[in-house]
Amino acid sequence: MKVRKTRYLGRTCRRTVLLTGAAGFVGSHLTDRLLQDGYRVIGVDNLLTGRRENLAHLEGNPDFRLLEQDASEPVTVEEPLDWVLHFASPASPPKYLRWPLETLQVNAAGTYHLLELARRHGAGFFLASTSEVYGDPLAHPQAEGYWGNVNPIGPRSVYDEAKRYAEALTMAYRRRHALSVRIIRIFNTYGPRMDPDDGRVVTNFVHQALSGKPLTVYGEGRQTRSLQYIDDLIEGICRYLRVDDPGPLNLGNPQECTVLELAKLILALTGSRSAIVHAPLPENDPQRRRPDIGRARTLLGWQPAVGVRQGLALTIEDALVRQRETLVPVRKAAQG
Ligand code: UDP
């Protein structure tokens, strides 16, 4: 899809978005897609959990630049903006537990500054929120109307409550300033380019299986998750940019499985002979999670197209390629 062009000071300009978290897993895939669709992209990332290598292929692209700075602090841009997309935040449990204050800050102060930026530029504001706002849900599957079951002071609260605050602030800006906003709640998403050290279930299991290490299933592995392939999420986001509705909107794949089933599937797909070991269940780990995507289906005509087997196969293939890329220089160095 090619984007519309806007008139600015008598000139016709390409549409421009500012995207925080551009060097992250979701952010870098979204950057690629927006560039493909004809946008100019200004990325903002302090590389706390994002990785420069996710954007390496864009070096020299005149439609992209990266501002290496903390999205919690005000960002200044001179050119007109059509969208401010806020995707910066540590997002895997081990990462937000390691960076609790930074997580709170980027979703609270960061969201505030970026809403102000959108307001000053007359741009739309798009918030990447999370299924974590539902906490350990008592309703199943989770529809947008469910208010959640969140421990406000537990270890995960730094992420859950920060995203809930970010949603509240976004809606307040819509009410007070008539700002055009979009809120998505992203359910567990996986795919190529995930940081092998992010500590999430898919990355851990894939890397453990490929390196012959035991797969660490937390608890008995009876808790469920519903896994969405990255391309489906990106497609949903791009469709939502074209629809005038504040949300919140669930984007996820309703195909649900237990963590133990997932471990077995990854063993089968990799052909690995790794063992499965059990480790303690983290505090407040949600028991089950599955999105109700009825709203997204109606509003966007969207639904996931990639099943978990296919998506995991693509993810494993990518992990293998990256593993080889890192091994080759080590071997060469060892031989030389
Ligand atoms: N999990 C696991 N082994 C791991 C990593 C995660 O059993 O090595 C479990 C975790 O306890 C949770 C689920 O997998 O129940 C998904 O965890 P993840 O960290 O991917 O994200 P969450 O959905 O909890 O935000």
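Per residue of the range 111-122, what does 6.51 cos²θ - 1.76 cosθ + 1.60 with θ = phi - 60° give for ³J(HN,Hα)? Whole Hz please, x for Gly and Pro, Karplus curve as stated.
Per residue, the Karplus-derived 3J(HN,Hα) values read 4, 4, 4, 6, 5, 4, 4, 4, 5, 4, 8, x Hz.
Would you work out if the range 183-336 is rounded, prolate or oblate? Take a ≥ b ≥ c from the square roots of the eigenvalues of the alpha-carbon gyration tensor; rounded if a/c is under 1.5, else prolate when a/b is larger than b/c, oblate otherwise. Write out the running numbers ahead of the final one.
Details: a/c = 2.50, a/b = 1.52, b/c = 1.65.
Taking the square roots of the gyration eigenvalues as a ≥ b ≥ c, the range 183-336 is oblate.
What net charge is computed for the residues neighbouring Arg164, neighbours being all others with C-beta under 15 Å from the C-beta of Arg164, Lys and Arg scored +1, Asp and Glu -1?
On the way: positive: Arg156, Lys163, Arg185; negative: Glu132, Asp136, Glu144, Asp160, Glu161, Glu167.
In short, -3.
So what is the 222 nm mean residue ellipticity for the chain from helices alone, if each DSSP H run of at least 4 adds -39500 (n - 2.57) and you divide by all residues, rounding to the nearest 500 deg cm²/dmol?
Numbers: 9 runs with 130 residues, N = 336.
About -12500 deg cm²/dmol.
What list of ³J(HN,Hα) couplings, whole Hz, do you get for the range 164-170 from phi and the Karplus terms 6.51, -1.76, 1.60, once you set θ to phi - 60° and write x for glycine and proline?
5, 4, 4, 5, 4, 5, 4
By counting other Cβ atoms within 10 Å of each Cβ, how are Thr315, Thr298 ranked from fewest to most? Mind dumping the intermediate values first?
Numbers: Thr315 23, Thr298 9.
Ordered by Cβ neighbours within 10 Å, fewest first: Thr298, Thr315.
If you rank Arg185, Arg175 by fewest surrounding Cβ atoms within 10 Å, what's the result? Working shown, then result.
Values: Arg185 23, Arg175 10.
The most exposed by this proxy come first: Arg175, Arg185.
Using a/c under 1.5 as the rounded threshold, could you call the range 251-306 rounded, prolate or oblate? The axes a ≥ b ≥ c are square roots of the C-alpha gyration tensor eigenvalues, and prolate needs a/b larger than b/c, oblate otherwise. Numbers along the way, then the final one.
Details: a/c = 4.84, a/b = 1.69, b/c = 2.87.
Oblate.
Roughly how tilted is helix 25-36, in degrees to the nearest 10 and between 0 and 90, from the longest Cα axis of the chain?
50
Quick note: the coordinates plus some simple rules give every number you see, no bench work behind them. Just so it is clear, the structure is predicted and the values come from calculations on it, not from any experiment. Heads up, the Cβs are rebuilt from the backbone with ideal geometry, glycines too, and the neighbour counts pull from every protein chain shown.
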